[in-house]
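K.L.:
Sharing a structure with you now.
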Amino acid sequence: DTALKFWDVGQSDALLQYVLCRLEFMQQRRGDDRQQESTQLTCLTTWAVQMYLDKLNRVQEDETVSHVAKSNKLREVYKKFEAFLRDHKDFLDKSTTHSLIAGHGQVAEEQFFCELTDDWERVITFHITQTQDCAAAVDVLTRRCTEAKHEP
């Protein structure tokens with residue numbers, strides 16, 4: 001009910017904060033019904049991803065601020081979004097999250113999420129098919145192989 005009130009009055013930043021607080025609260029009080037809670041956490045984290053992507057788009061399209069102010073705000077939102085993805089990746093459905101990020105045209109964030117979730121096939125495929133940068137694909141393979149040698 002509270003979330004809808006924020007939505008109805010166009011307070012998307014407040015709604016995002018509310019969802020983030022709900023997520024934190026749910027994670028702290030995880031109880032016996034883990035399956036239901038897991039589903040709720042997935043729904044809330046996916047909703048938060050969508051709101052972060054909307055926020056990134058709003059900042060990018062805002063023509064009322066200077067270039068410097070826009071760059072600073074974008075950097076801040078990207079940093080928060082990446083921290084969110086890092087902290088909540090276990091609750092996100094990989095396929096849905098990839099689709100959301102790609103659908104918003106956030107190529108760097110899609111690559112970030114692929115690497116975060118060890119989706120190396122997508123990372124390599126991106127370098128080969130989207131940028132035709134085979135050297136970057138080989139670099140990813142080399143880096144991944146080197147890391148794998150040092151893993152226990």
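K.L.:
P(r) of region 73-114 in 10 Å steps, Cα pairs, percent per bin?
P.N.:
29, 61, 10
K.L.:
Here's a follow-up. For residue 39, tell me the accessible area in Å² from a 1.4 Å probe, rounded to the nearest 10.
P.N.:
Rounded to the nearest 10, that gives 70 Å².
K.L.:
Related question: So how do 45, 64, 146 rank on accessible area, 1.4 Å probe, biggest first, that is with the largest at the start?
P.N.:
Working: 45 0, 64 125, 146 65 Å².
Highest to lowest solvent-accessible surface, that is 64, 146, 45.
K.L.:
Can I ask one more? Return the carbon/sulfur percentage of the accessible area of the chain, one whole number, probe 1.4 Å, all protein chains in place. Don't jump to the answer; show the numbers that get you there.
P.N.:
On the way: 5030 of 9580 Å².
Of the solvent-accessible surface of the chain, carbon and sulfur hold 53 percent.
K.L.:
Bin width 10 Å, origin at 0, all Cα-Cα pairs of the chain: what percent of pairs per bin?
P.N.:
For the chain, the pair-distance distribution reads 10, 32, 33, 19, 6, 0.
K.L.:
What is the Å³ per residue value for the convex hull set by the Cα atoms of region 72-143? Intermediate results must be reported in sequence, preceding the final value.
P.N.:
On the way: hull volume 7.3 nm³, N = 72.
Cα-based convex hull of region 72-143, divided per residue, equals 102 Å³.
K.L.:
Output ³J(HN,Hα) for region 133-141: one whole-Hz value per residue in order, computed from phi by the Karplus curve 6.51 cos²θ - 1.76 cosθ + 1.60 with θ = phi - 60°, and x for Gly and Pro.
P.N.:
Here the 3J(HN,Hα) series is 10, 5, 4, 5, 4, 5, 4, 4, 4 Hz.
The values are calculated or read from the model by the stated rules, or taken from the named source; none is laboratory data. All values derive from a computational prediction rather than experimental measurement. Just so you know, the surface numbers come from the protein's heavy atoms only, side chains and all, with ligands and any DNA or RNA stripped out. Shrake-Rupley method; radii C 1.70, N 1.55, O 1.52, S 1.80 Å.
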